[in-house]
Amino acid sequence: MRLVLTGGHVLSPAGPRGEERDIVMEDDTIVDPVPPGTVRDENAKRLDALRRLIIPGLINAHTHSHGGHGLRYCTPRLPAPLAQKMR
């Protein structure tokens, strides 16, 4: 499926403020950032990104597993004596 994000500001190494671009995607892959309004594919689904900052390739690796909250999910993998101490 072809998707076009329209009207957003794309952040890139070229400039600190971003530039207005449409982002063309095929399935879940970014194919091309193009000048606004240049995609003429009538079958493409469009998603309005007006007033949005687009950062291609950004991965959110944020987690809340600190403070021992995640320990109960990993203790079965620990050696038995260590797992007993952590319960």
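The values are calculated or read from the model by the stated rules, or taken from the named source; none is laboratory data. In this text, all values refer to a predicted model and were calculated from it rather than measured experimentally. Cβ placement follows ideal geometry from the backbone for every residue including glycine, while neighbour counts extend to all protein chains displayed.
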**Prompt:** Could you give every pair whose Cβ atoms fall below 7 Å, whose first residue belongs to segment 18-47 and is without any contact (Cβ under 8 Å) to a residue 24 or more places away in the chain and of a type in the set (A, V, I, L, M, F, W, C), and whose second residue is part of a loop (DSSP other than H, G, I, E, B) and surrounded by 10 or more Cβ atoms within 10 Å (Cβ to Cβ), counting only separations of at least 6 or pairs across chains?
**Reply:** 24/39
**Fill in**
For segment 11-36, the count of residues that are exposed (fewer than 10 other Cβ atoms within 10 Å of the Cβ) and part of a loop (DSSP other than H, G, I, E, B) equals 4
**Message:** Against the condition at pLDDT below 95, buried (at least 17 other Cβ atoms within 10 Å of the Cβ) and assigned to a strand (DSSP E or B), how does residue 8 come out, does it pass?
**Reply:** yes
**Message:** Every residue in segment 1-30 that is of a type in the set (Lys, Arg) and within 15 Å of residue 53 (Cβ to Cβ), please.
**Reply:** 17, 21
